[in-house]
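The values are calculated or read from the model by the stated rules, or taken from the named source; none is laboratory data. Only a predicted model underlies this, so the values are computations on that prediction, with no experimental measurement involved. Cβ coordinates were reconstructed from backbone atoms using ideal geometry, including for glycine residues, and neighbour counts include every protein chain displayed. Side chains are part of the model used for accessible areas, which takes the heavy atoms of the whole protein and leaves out ligands, DNA and RNA. Shrake-Rupley method; radii C 1.70, N 1.55, O 1.52, S 1.80 Å.
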Amino acid sequence: MTSPFVRRFRLLGLLRGSLVAGALVTAPGVPARILKLPLPPLPEGRFYLWIMAVFLLMLAALYLAAAYDPRRYSAIIAVAIGGRALGAAVFTAAVLTGSGLGGLVPLAVADLAFSILHAASWWPIRS
């Protein structure tokens, strides 16, 4: 029989690990090339890729803050859970349109997995 504290610390470690893993984002062009997703026409579309990269870096910083102190930044964790679930739904909807965006399937699966992992490790220890 394990102590409730042991279970809590294991879940906290899992939550922190999943938030750090979720913060490991790259420039949007890299996954687009790997997954064969369309990019905006270059060089005109480069501005949109830069803006997206800035937003992803901001998101990564928030994830790292939540990983550092999950109790203080619990709102970020709640938003991460919902945002990842919504991202999975949007990626899935895009794939189902049949517009040749099959490369989004791994992103949809990853977003759903992060959403579930964040929720499963945060919900029992959120208070």
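Below, the figures for the structure above:
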read-out: Solvent-accessible area per residue, Å², over the chain with all protein chains present [probe radius 1.4 Å]; value: 65 Å²
read-out: Anisotropy class of the stretch 44-97 from Cα gyration tensor, a/c 1.5 cut; value: oblate
read-out: Charged-residue dipole, Cβ positions (Lys, Arg, Asp, Glu), the stretch 29-96 about Cα centre, Debye nearest 20; value: 120 debye
read-out: Vicinal HN-Hα couplings computed from phi for the stretch 60-72 (Karplus, 6.51 cos²θ - 1.76 cosθ + 1.60; Hz; Gly/Pro x); value: 4, 4, 5, 4, 5, 4, 5, 5, 5, 9, x, 5, 5
read-out: Electrostatic dipole magnitude of the chain [Cβ: Lys, Arg +1; Asp, Glu -1; Cα centre; debye, to 20]; value: 440 debye
read-out: MRE, 222 nm, helices only [DSSP H, n ≥ 4, -39500 (n - 2.57), over the chain, to nearest 500]; value: -24500 deg cm²/dmol
read-out: Within the accessible area of the chain (1.4 Å probe), percent carbon and sulfur; value: 74 percent
read-out: Label selected from (i) 8.7; (ii) 11.1; (iii) 8.2, the criterion being mean projected area of the Cα convex hull in nm² as computed here; value: (i)
